[in-house]
1. Which one of 378, 319 is in contact with a strand residue (DSSP E or B) (Cβ under 7 Å, 6 or more places away or on another chain) and either at pLDDT below 95 or over 30 Å from residue 49 (Cβ atoms) (or both)?
2. Return the pairs, sorted by first residue and then second, in which the second residue is open to solvent by less than 90 Å² (accessible area, probe 1.4 Å) and not acidic (Asp, Glu), the first residue lies in the stretch 639-656 and is touching a residue at least 60 places away in the same chain (Cβ under 8 Å), the beta carbons are less than 6 Å apart, and the residues are 6+ apart or on different chains.
3. In this structure, does residue 206 turn out to be within 25 Å of residue 472 (Cα to Cα) and touching a Gly at 6+ places or on another chain (Cβ under 6 Å)?
4. Would you check if there is a residue in the stretch 530-538 being farther than 30 Å from residue 88 by Cβ, at pLDDT 90 or above and out of contact with any helix residue (DSSP H, G or I) (no Cβ under 9 Å at 6 or more places or on another chain)?
5. Filtering the stretch 401-422 down to residues that are closer than 23 Å to residue 337 by Cα and under 33 Å from the mean Cα position of the chain (by Cα), which residue is surrounded by the fewest Cβ atoms within 10 Å (Cβ to Cβ)?
6. Kindly indicate whether residue 388 is among the charged types (D, E, K, R), out of contact with any Ser or Thr (no Cβ under 8 Å at 6 or more places or on another chain) and either at pLDDT below 95 or assigned to a helix (DSSP H, G or I) (or both).
7. Just give me the residues in the stretch 570-591 being crowded, with 19+ Cβ neighbours inside 10 Å, in a helix (DSSP H, G or I) and among the small types (Gly, Ala, Ser), in sequence order.
8. So if I check each of 609, 624, which one is among the aliphatic types (A, V, I, L, M) and surrounded by fewer than 10 Cβ atoms within 10 Å (Cβ to Cβ)?
Amino acid sequence: MEGASSWDALEWNKIESVSRSVTHGMDEFLLEAEEVIVQGHGVVLVNTDTAGTLSVTNFRLLFLSEVSRDIIELGTIALTTIEKFSKQVVKPSSVPRQLDRTPSRRLLQVFGKDLRIIVFGFLPRTKQRRAVFDALSRYTRPARLWDMYTLTCGPSKFSNINPKLRLIKEYLRLLGKDSLSISSKKIDEGSIIVSNDWWRISTINSGYSLCSTYPSSLIVPRSISDEELQQAASFRGRGRLPVISWCHAGTGAVLARSSQPLVGLMMNMRSNMDEKLVAALCTQTVYGKGARRKLYIADARPRKNALANGAMGGGSESSSNYFQSEVVFFGIDNIHAMRESLARLRDYLDTHGSTSSDGMSSFLRNGGWSWGGGNLSSMSASVSTLGDSAWLNHVQSVLAGAAWIAARVAMESASVLVHCSDGWDRTTQLVSLASLLLDPYYRTFKGFQALVEKDWLAFGHPFSDRFGIPTSSGNSISNLELSRQSSAGSLPRTSSVGSSSHSQVANNCSPIFLQWVDCVSQLLRVYPCAFEFSSAFLVDFLDCVLSCRFGNFLCNSEKERQQSGIADACGCLWMYLAHLRSSEDGSHVHYNAFYDPTKHDGPLRPPAASLAPTLWPQFHLRWACPLEAQAGKLESQWHFMRKSCTEMAKVRDMSDMKAKDLQVNLESLAAQLQKEKQLSISAVATARRVYRENLAIKKAIEALGCEVHFSSNNRNHQLDRGNIVPDIIEGFTSPLRRDSADGEEHDDNDDLCVSIVARDEQSVSDNPISRVCETLCPYRTKEGCKWPDELCAQFGSQFVGLKANFDAFDRLSIRDCYFGSE
């Protein structure tokens, strides 16, 4: 036992009503709008000998491990998935003298529609089991549809769109008019006018007055008027007249469906309108030069059952009354036989699985030398028990019937009319499975959704009755049947406590849809490359359907779902599954790793030998034989490798993006460096030109006998005339240099001023003109010329300026090439 070595080592707490303290720490495990009703601590999951906390919520039984605080999948089941439950008392095996001292174990046994049997253990003298039992009695079968969790939760983020719109889109695809677009307003108004050469869409049932269990829009022969449809409906059970479920836009062959004809006990009742409608299904063949195709009428029932229905006004067709027809009986049993068969299969799996509901492995159950779950003598009994369940036989009957129908349509271009008694159980199984074989589109995710919504939902399979949930009118099925104990795998030494019983015959619950999904899984096993979805998708899809977490499969017909506003009030199962797939792209487990649409782009025609079914490991064995249920291990490994490759591809793409970014950055830096180089060359050229200009200016100023002084706004200093130009050039060629010769820094904001002043007399005296003036003029003294306005002074100034201009011109034009290029 996980967390305790024996029952007595557990701390048994009395169960409480829901309160904030009870649900404390449970928020992380609860779904949106999910609430805990009752909760018990120290409960034991007998199947795996695990101790934990058992909670009854408004959606499911939730079992948490006491040690790891993880959800235990086996002990967690949706309330609507529970078929029945009962209380048991087990006397522990011990020494006789200690028998009175050892308390008996109080058990709660839960039977699931998904083939599991769960047993929870409670110690005596506690009220835990009673509280859990009462909560299950109340919430597993709510009195009203609006009390169900899915309607309490609301649509959430998985909102639904108009199912009628999706049905019309599928009709347009079948008629070859999928390029057309029809608004929801026209659908609601019943003003759709679409047809091809053979068939048309009729809205005669837009108000569900023709047939309350048919969809509002129907595909019917173009040659039959709505008035004739009205007359033909009266000859079929529950008004379910022959209509087209699938048609080949190229050949004109069809799959049609209906309920049984009302021929009566003597099989002599006839209807001209019904015969005309059925004959209209036999259109002219494309290759027959006017010859009409053959019609097969496939009655899913055993012949004796069809004859027995004649006593109640029903029956079957006579080929003599229907043009160019042949009646075939498939011998598929009714819903009650299927329910009993699944119950026997569940008992077989619980008895002979690796882990049983009584906590005992089948390896130890029979004692002695064991092989494969028991001694050799018990192996034959195990195989016999599986055969007695007849589940695989029923699956094979449905597969064989669907394959026969598909072969007639694909190989003979014949039309097939399928019906049983009411036309919503076996008929739906055969028509939808045959469509799956004929049309590759239905083997994709989108096509599978369209197929289920058309043949199962729109054409009125009674899901509420088959699942045992309330209908839109508020009527619920009878209370849980609690009396039947499992035959082969039941707990030993038990007695039923507090259970009530009801007749199985009066119960309309039946695993018809589960059986159909099982058939799809068998085809997936035979044709692993033909389906886009995997077996894991079918398991998750079936779990969602059985749990009623979403509203798609509530009620018994399209009419009831529309009246209850299910599409707007509940979440959509298809949106939820699509959301799961989008989270991991193509690597999600719902994708079939071996899907190749080019390999099977036409009808599938399985030979009879390939239709021998086996147990579906991922579904049938996942609770009783969890290790063996991993039959898709190769596929799981492929998904793991594909996910790893996808992650590696993402890393590679990110590396490529980074490399491209680095390349772009390098190119940008190279362009900037090239630009800086051009600017540097331009700056050097400018500096050289300025140097020449400064040198020329310097020589011109010196020729005038003046001195140049530089000053800034913070200090004054005189620069040596020989260093004027080199300092300036250095400023251009070395812009990073900021230090002066004395180590001080220059401020870039300092204002530099240049002033030119005349030299003193001593320096002027070196001028030859001054010497001549001083020698010849008697008025010139050492203090300067006394007559500055005389002609001699003016002449001297002009002479000096002329000489300066000449010297500057001579140097600039000849020596320094001031006015021209070298």
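The values are calculated or read from the model by the stated rules, or taken from the named source; none is laboratory data. These figures come from a predicted structure and were not determined experimentally. Virtual Cβ from ideal backbone geometry, glycine too; neighbours counted across all protein chains shown. Calculation scope for accessible area: heavy atoms of the full protein, side chains included, ligands and nucleic acids excluded. Shrake-Rupley method; radii C 1.70, N 1.55, O 1.52, S 1.80 Å.
1. Details: 378 fails: in contact with a strand residue (DSSP E or B) (Cβ under 7 Å, 6 or more places away or on another chain).
Among 378, 319, only 319 is in contact with a strand residue (DSSP E or B) (Cβ under 7 Å, 6 or more places away or on another chain) and either at pLDDT below 95 or over 30 Å from residue 49 (Cβ atoms) (or both).
2. 646/587
3. Numbers: within 25 Å of residue 472 (Cα to Cα): yes; touching a Gly at 6+ places or on another chain (Cβ under 6 Å): yes.
When the stated conditions are applied, residue 206 passes them.
4. Applying the first criterion (farther than 30 Å from residue 88 by Cβ) to the stretch 530-538 yields 530-538.
Applying the additional criterion that residues be at pLDDT 90 or above yields 530-538.
So of that shortlist, the ones also out of contact with any helix residue (DSSP H, G or I) (no Cβ under 9 Å at 6 or more places or on another chain) come out as none.
No.
5. 403
6. Values: among the charged types (D, E, K, R): yes; out of contact with any Ser or Thr (no Cβ under 8 Å at 6 or more places or on another chain): yes; either at pLDDT below 95 or assigned to a helix (DSSP H, G or I) (or both): yes.
In short, yes.
7. Passing the criteria: only 587.
8. Details: 624 fails: surrounded by fewer than 10 Cβ atoms within 10 Å (Cβ to Cβ).
Only one candidate passes the filter, namely 609.
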